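What follows is one structure encoded as structure tokens, with my remarks underneath.
The values are calculated or read from the model by the stated rules, or taken from the named source; none is laboratory data. This structure is a prediction, so every number in the text was calculated from the model and none was measured. Cβ placement follows ideal geometry from the backbone for every residue including glycine, while neighbour counts extend to all protein chains displayed. To get the accessible areas, we keep the full protein, side chains included, count just its heavy atoms, and leave off ligands, DNA and RNA. Shrake-Rupley method; radii C 1.70, N 1.55, O 1.52, S 1.80 Å.
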Amino acid sequence: MAYENVLVDKQDHIGFITLNRPAEMNTFNVPFARELNDALWEMENEPGVRVVVIRANGKHFSTGISLMEFKGKSPKEYREFIHLMDEHNHTIARMKKPVIASVKGYALANGSGLTFACDLAVAAEDAKFGTTAINVGLICLGPAAPLTRLVGRKKALEMVLTGDIITAQEAERLGLINKVVPRDQLEEATLELATRLAAKSPLALQIGKAGIYGNQDVPYHQAIDNLGELFAALCATEDAEEGVKAFLEKRKPEWRER
């Protein structure tokens with residue numbers, strides 16, 4: 001599929017989606033949101049890809065939805081529009097493959113939401129994050145969905161209602177991102193994490209992600225049982241047997257995804 005607002009590349013079991021509206025700070029509009037979602041599903045359905053990285057061209061990751069989009073729409077049109085702007089939150093959570101955000105510059109409003117929705121995130125030390133829509137009379141409720149699950153209700157309310165911008169170091173402390181690195185090491189650090197994951201059993205990665213997402217709203221004892229069922233299913237696969245055998249034989253495993 002041909003894209004304009006995002007770029008797609010594949011390398012050594014890693015799929016790369018590059019946000020490609022640098023002149024507009026990678027802001028979301030309708031074509032951008034559609035292409036981002038389509039690219040995510042393309043990577044999910046690509047047999048050779050085990051891990052997906054979302055990165056950005058230009059100085060900034062994404063500064064949210066283009067303000068030019070907030071005019072001249074009926075209530076029905078706004079509902080359809082916002083559903084599209086939020087679609088990546090659903091898609092990333094439904095994907096079996098882990099998705100890593102590689103963040104530089106500003107990640108604001110829907111750009112911060114995209115970061116929070118990703119399974120893992122690496123950020124440059126000068127990156128900034130904020131649910132800033134309230135500063136222009138709007139509100140970051142789409143980004144609040146993954147944000148609340150990461151930091152809890154009180155901190156999420158503080159961030160959404162004040163629109164304050166926080167540093168990468170604070171975002172790491174809050175658990176919003178996994179690692180902060182110097183800007184000139186961002187690409188290397190992201191690739192290192194993606195490569196480590198891509199070397200793991202693809203089935204184990206997928207079952208691990210599905211288990212953790214699937215038990216977020218499940219009572220504790222039921223969660224233990226559900227996760228046990230998933231683990232048992234993994235143990236019965238050829239790749240699980242191969243992983244244990246390769247470890248004991250001190251060799252690199254050969255994953256067959258079955």
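Quick check on the range 162-203: of everything there that is farther than 19 Å from GLU125 by Cα, among the polar types (S, T, N, Q) and without any contact (Cβ under 8 Å) to a residue 60 or more places away in the chain, which residue is least open to solvent (accessible area, probe 1.4 Å)?
In this case the residue turns out to be SER201.
Just for the range 116-145: of the residues that are assigned to a strand (DSSP E or B) and open to solvent by less than 10 Å² (accessible area, probe 1.4 Å), which one is farthest from GLU188 (Cα to Cα)?
The residue in question is GLY130.
Can you give me the number of residues within the range 66-90 that are without any contact (Cβ under 8 Å) to a residue 40 or more places away in the chain and part of a helix (DSSP H, G or I)?
Total meeting the criteria: 9.
What do you reckon, is VAL180 part of a strand (DSSP E or B), more than 25 Å from GLU87 (Cα to Cα) and not basic (Lys, Arg)?
yes
Name the residue, out of GLY58, GLY48, that is open to solvent by 20 Å² or more (accessible area, probe 1.4 Å), touching a Leu at 6+ places or on another chain (Cβ under 9 Å) and not in a helix (DSSP H, G or I).
Selected residue: GLY58, the only one of GLY58, GLY48 that is open to solvent by 20 Å² or more (accessible area, probe 1.4 Å), touching a Leu at 6+ places or on another chain (Cβ under 9 Å) and not in a helix (DSSP H, G or I).
May I ask you to say which residue of ALA93, ALA39 is outside any strand (DSSP E or B), open to solvent by less than 20 Å² (accessible area, probe 1.4 Å) and either touching a residue at least 40 places away in the same chain (Cβ under 8 Å) or among the hydrophobic types (A, V, I, L, M, F, W, C) (or both)?
ALA39
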